[in-house]
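Enquirer: Pasting in a structure now, in structure tokens, and then I'll have a few things to ask.
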Amino acid sequence: MFEPGRLVMVDIPGTSLDTETAAFLREQKIRSVCLFRKNLGTEEEVRALVRDLAAVLGPEALIGIDQEGGAVVRATFLPQPPSAMALGAGGDAARAEAVGAAVARGLKSLGINWNFAPVLDVNNNPANPVIGERSFSNDPIEVTRLAGAWMRGSLGEGVACCVKHFPGHGDTHVDSHHALPTVDKSRAELDALELVPFKALAAQAPAMMTAHIVYPQIDPDRPATLSPQLLRGILRDDWGYDGVVITDALMMKAVADRFGYARSAVMAIEAGADMVLAQGSKAEQLVAIDALREAFADGRLTRAQGEAADARLDRLAAAYPARAVDDGAARAADHALMAEAWAAGLTALRGARPPALGQPIRVIVQGDVPTDMVSEAGPTGRQAVALFAAFTDAQVQMVDDIAQLDWASVPRDGRLNVLVSTRRARYGLAAAGWRPDLHLALWNPFQALDVAGPTVLTWGFAPGALAGLKAWLEGRAEAGGRAPQGLQ
């Protein structure tokens with residue numbers, strides 16, 4: 001009989017595989033590990049870590065990572081892809097496919113065979129605190145077109161995709177890392193928006209990740225991750241989906257605070273998932289594994305359920321093996337591709353024009369933006385100031401928290417005031433009286449709705465995004481991207 005540990009993905013400590021962790025993985029028959037920023041040292045260290053993991057996990061290893069693009073990129077030494085919405089602003093499906101392929105080449109060079117991307121969420125809620133520019137569009141047809149292209153690129157290079165977050169995280173105003181969101185929509189409403197990309201791309205998606213969201217008109221008691229009505233009912237029975245279904249992290253408060261590791265692990269498999277993502281200490285991971293072992297022993301979960309899940313995971317690992325393949329000469333070209341794709345997405349709103357290089361300007365920017373543990377840390381104030389290196393008279397006003405900016409204190413002395421946003425959160429009502437001459441949003445594009453006046457959207461802050469913006473500021477490039485409806 002299969003081992004329940006084969007249905008559990010865990011995380012590990014450190015940038016190398018220590019003896020105790022290796023023994024735990026072997027003893028529990030774990031075949032799947034997710035890597036996070038804490039695990040990523042130098043490129044050579046990551047390659048060694050993945051090689052050691054593959055040796056311990058065995059030939060059916062599944063080694064996962066979040067390498068979406070934009071601010072959700074763990075391996076920052078690889079060519080850094082544009083955020084989904086940057087690709088949406090560019091609008092070119094061939095470019096999206098090329099980016100997906102380049103992302104896969106980078107991961108494959110490390111031996112990583114499973115990428116938790118692309119995002120299929122339709123971000124139609126400007127107040128969404130966690131998706132935003134991670135979505136290709138607020139139009140489900142555009143999401144389908146561009147995410148499908150991105151996925152073809154990845155799969156063609158031999159790295160498994162995992163689309164997320166089924167059945168849709170785009171219309172939430174709560175982050176499921178911290179609380180339990182609710183989307184109170186009927187099945188017909190979901191069919192018309194959230195479910196469109198998932199249904200359209202199900203046949204080519206080898207894996208899907210669930211959302212910790214309650215859809216009360218479908219299942220009032222359980223989030224999608226734990227819901228038979230959503231996972232078995234819609235995904236398996238209605239659509240006939242036979243790919244891998246993996247949960248989002250069980251440690252997220254939306255699930256952990258209400259159901260706990262043990263109960264949620266069992267409920268997820270019972271609902272139709274194949275694998276649970278159980279991060280945390282070894283003791284916490286063991287709680288999930290032991291709960292599954294007990295549920296299979298006492299009949300709450302059947303042997304047939306376990307074997308079906310195990311077989312789906314086996315097929316995924318066989319189709320996308322975890323072995324390193326050097327990207328060689330493609331690396332330099334892929335860096336150039338990412339820079340070109342970021343630049344193509346640069347978007348000017350409300351007649352934004354670059355200042356003359358000799359125009360006296362004032363740059364108002366927050367100094368530092370720490371990571372929220374989902375995204376990488378935001379760009380530093382120093383990086384923002386470097387955008388203006390070619391300007392002959394640039395005065396800098398560095399602030400601790402941009403949301404606390406008192407616009408009345410900004411001098412009116414003839415300088416052109418340039419507000420540079422390096423943070424993820426919306427400004428909200430705090431920005432009601434702000435009137436910058438130019439607003440540069442380096443992360444959350446929906447900040448454009450908070451600030452009146454000319455605005456430029458980069459959709460992210462990777463080197464390619466900042467280089468594209470710097471070229472625009474210096475008059476060397478255009479900002480030809482197109483924002484989704486509602487931001488235009």
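Enquirer: Which condition does ASP327 not pass, out of (1) of a type in the set (D, E, K, R); (2) touching a residue at least 40 places away in the same chain (Cβ under 8 Å); (3) in the same structural domain as ARG31 (by TED's automatic domain parsing), if it passes all the others?
Expert: It is condition (3) that ASP327 fails.
Enquirer: Looking at MET1, MET9, which one is closer than 25 Å to ALA318 by Cβ, aliphatic (A, V, I, L, M) and modelled with pLDDT under 95?
Expert: It is MET1.
Enquirer: Something else about it: Which of the residues spanning the stretch 216-239 are modelled with pLDDT under 95, crowded, with 24+ Cβ neighbours inside 10 Å and part of a loop (DSSP other than H, G, I, E, B)?
Expert: Passing the criteria: only PRO223.
Enquirer: Something else about it: Provide a single number: the residues in the stretch 344-358 that are crowded, with 16+ Cβ neighbours inside 10 Å and not hydrophobic (A, V, I, L, M, F, W, C).
Expert: The qualifying residues number 4.
Enquirer: Output yes when any residue across the stretch 148-159 is under 24 Å from MET275 (Cα atoms), touching a residue at least 60 places away in the same chain (Cβ under 8 Å) and in a loop (DSSP other than H, G, I, E, B), and no when none is.
Expert: yes
Enquirer: Sticking with this structure for a sec: Only one of these conditions is not met by GLY460: (1) in a loop (DSSP other than H, G, I, E, B); (2) surrounded by fewer than 24 Cβ atoms within 10 Å (Cβ to Cβ); (3) touching a helix residue (DSSP H, G or I) at 6+ places or on another chain (Cβ under 9 Å); (4) of a type in the set (Gly, Ala, Ser). Which number is it?
Expert: Failed condition: (2).
Enquirer: Quick one: in the stretch 179-215, which of the residues that are among the hydrophobic types (A, V, I, L, M, F, W, C) and in a helix (DSSP H, G or I) is nearest to ALA149 (Cα to Cα)? I'd like the intermediate steps shown before the answer.
Expert: Here is the first cut: in the stretch 179-215, the residues among the hydrophobic types (A, V, I, L, M, F, W, C) are 179-180, 183, 188, 190, 192-193, 195-196, 198, 200-203, 205, 207-209, 211, 213-214.
The next check asks that each one be in a helix (DSSP H, G or I); those that pass are 188, 190, 192, 195-196, 198, 200-201.
Values: ALA188: 27, LEU190: 23, ALA192: 21, LEU195: 18, VAL196: 16, PHE198: 14, ALA200: 12, LEU201: 10 Å.
Taking the candidates together, the pick is LEU201.
Enquirer: Something else now. Just to verify a result, which residue in the stretch 247-273, among those that are within 21 Å of the chain's Cα centre (by Cα) and either among the charged types (D, E, K, R) or not in a helix (DSSP H, G or I) (or both), is modelled with the lowest pLDDT?
Expert: Checking each candidate, the answer is LYS253.
The values are calculated or read from the model by the stated rules, or taken from the named source; none is laboratory data. What you are looking at is a predicted structure, and each value in this text was computed from that prediction instead of being measured. A quick note on method: Cβ atoms are made from the backbone with ideal geometry, for glycine too, and the neighbour counts reach across all protein chains shown.
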